[in-house]
Amino acid sequence: MTIKQPLIAALALLALSPSASAAPSAQQLFERAKRAYMHANAESSLKLLRRATKTVRDTKLAASIELYTGLSLLIMNRRPEAKAAFRRALRHDPTLSLDKERFKPSTVALLESIKAAARGTLVVTANRQGKVWLDGVERGTTPLTLQVKIGKHRIQVRAGAARSDVTVVIGAGAQLTIPAHLPTSIGSSAPPKAKTPSKTPKPSKATPSGPSRLWTWIALGSAVASAGAGVAFGLLAKADHDDYMSTRDYDRFASAEDGAKSKALLANVFFIGAGVLAAGAVALFFIEGSARATERHDERFALHLPLLPTVAPGGGGLVVDLRF
């Protein structure tokens with residue numbers, strides 16, 4: 001019994017260990033599949049992509065997975081399955097395209113032909129009847145159902161002076177309902193309110209101003225500038241990370257990843273600096289405020305000793321006037 005108990009405890013710890021039970025994410029599987037595709041290992045890439053499809057949640061990532069599924073199937077000469085994968089990719093992201101310099105012209109042409117033939121359904125409704133304009137062309141009156149090419153479209157609904165204008169993106173095989181709201185009246189018909197004579201504000205008494213909080217404003221301005229630099233480097237780091245995630249050029253992986261890490265580090269440094277400067281500005285605010293209060297207190301309780309000459313019937317003299 002003394003030997004079995006430690007053995008059972010060790011097995012339980014092994015089963016609960018995160019490294020033993022953690023599975024690669026859909027993003028990790030996709031990155032591995034991309035590397036396999038770049039090395040012309042289509043079968044390995046396809047297996048990894050199918051595993052990623054089971055756990056993916058992000059729409060953009062799902063579109064990329066289906067796109068590379070179609071590319072891998074083309075290498076394996078499974079053209080009908082590749083076309084079906086391209087259609088699924090365009091359902092997730094109708095803006096997908098292939099770089100003409102990195103992919104074969106036949107592959108680029110196949111994706112573009114599928115995109116041109118794909119359609120989505122737009123259903124336009126409104127709270128009252130109006131004319132529907134699709135990309136600047138009148139198509140009918142509400143309610144209206146249209147079969148349109150996939151991608152971005154501008155939908156306008158007009159009824160007299162009332163307008164509704166919206167831009168949408170629709171994927172392959174998708175149906176999108178657009179509920180337009182047309183106001184029943186333009187502008188307000190209520191009579192203008194009578195103007196009441198305004199009272200002339202009394203001039204306020206000028207109060208002596210003390211010294212400005214110069215160092216407080218300098219510290220605060222530096223904190224804002226540092227925070228702005230942190231935001232800028234953060235956006236640059238995100239752009240490099242997105243390039244790293246979406247690039248199809250294997251040679252750009254390392255440079256994009258290094259760029260994202262270095263810019264993220266700079267962003268963190270600037271954010272920390274902004275926090276320190278902001279804390280310093282708060283401290284200077286109270287320090288300089290205390291100095292101003294001390295000066296005002298000294299002015300208020302200053303001792304005045306004017307000597308006033310006096311003349312009396314019995315002679316003259318000096319009177320000391322003490323004021324606090």
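The values are calculated or read from the model by the stated rules, or taken from the named source; none is laboratory data. Everything numeric here is computed off the predicted structure, so don't read it as measured data. Cβ sites come from the backbone with ideal geometry, for glycine too, and all protein chains shown count toward neighbours.
Any idea which of T107, T142 is at pLDDT below 95, touching a helix residue (DSSP H, G or I) at 6+ places or on another chain (Cβ under 7 Å) and of a type in the set (S, T, Y)?
T107
So which residues in segment 96-134 are touching a residue at least 12 places away in the same chain (Cβ under 8 Å), loosely packed, with under 13 Cβ neighbours inside 10 Å and under 30 Å from V157 (Cα atoms), if there are any at all?
Answer for segment 96-134, where residues must be touching a residue at least 12 places away in the same chain (Cβ under 8 Å), loosely packed, with under 13 Cβ neighbours inside 10 Å and under 30 Å from V157 (Cα atoms): A116, Q129.
Are there any pairs with C-beta distances below 6 angstrom linking a residue in segment 29-40 that is hydrophobic (A, V, I, L, M, F, W, C) to a residue that is surrounded by fewer than 15 Cβ atoms within 10 Å (Cβ to Cβ) and in a loop (DSSP other than H, G, I, E, B), with the two at least 6 apart or on different chains, and if so which?
Note: pairs meeting the criteria are M38/Y250.
Within segment 63-71, can one find any residue that is modelled with pLDDT of 90 or more and surrounded by fewer than 18 Cβ atoms within 10 Å (Cβ to Cβ)?
No; the residues of segment 63-71 include none that is modelled with pLDDT of 90 or more and surrounded by fewer than 18 Cβ atoms within 10 Å (Cβ to Cβ).
Go through (1) within 18 Å of M245 (Cα to Cα); (2) surrounded by fewer than 22 Cβ atoms within 10 Å (Cβ to Cβ) and name the single condition A52 misses.
Only one criterion is unmet by A52, namely (2).
Of everything in segment 86-104, what is more than 16 Å from S72 (Cα to Cα) and assigned to a helix (DSSP H, G or I)? Give them in sequence order.
L90, R91, H92
Got a number for residues in segment 118-134 being in a loop (DSSP other than H, G, I, E, B) and under 17 Å from P179 (Cα atoms)?
4
Which condition breaks for G173 when tested against (1) in a loop (DSSP other than H, G, I, E, B); (2) free of Cβ contacts under 8 Å to residues at least 40 places away in the same chain?
So G173 meets the others, but not (2).
Can you find a residue in segment 178-185 that is in contact with a strand residue (DSSP E or B) (Cβ under 7 Å, 6 or more places away or on another chain), modelled with pLDDT under 65 and surrounded by fewer than 16 Cβ atoms within 10 Å (Cβ to Cβ)?
Checked segment 178-185: no residue is in contact with a strand residue (DSSP E or B) (Cβ under 7 Å, 6 or more places away or on another chain), modelled with pLDDT under 65 and surrounded by fewer than 16 Cβ atoms within 10 Å (Cβ to Cβ).
Only one of T145, T121, T141, T125 is β-branched (V, I, T) and in contact with a Pro (Cβ under 6 Å, 6 or more places away or on another chain). Can you tell me which?
Of T145, T121, T141, T125, the one residue that is β-branched (V, I, T) and in contact with a Pro (Cβ under 6 Å, 6 or more places away or on another chain) is T125.
Of the residues A260, A267, A274, A278, which single one is within 19 Å of the chain's Cα centre (by Cα), part of a helix (DSSP H, G or I), modelled with pLDDT of 75 or more and not assigned by TED's automatic domain parsing to the domain that holds E101?
A267
In this structure, is T145 assigned to a strand (DSSP E or B), touching a residue at least 24 places away in the same chain (Cβ under 8 Å) and either over 32 Å from the mean Cα position of the chain (by Cα) or at positive phi (or both)?
yes
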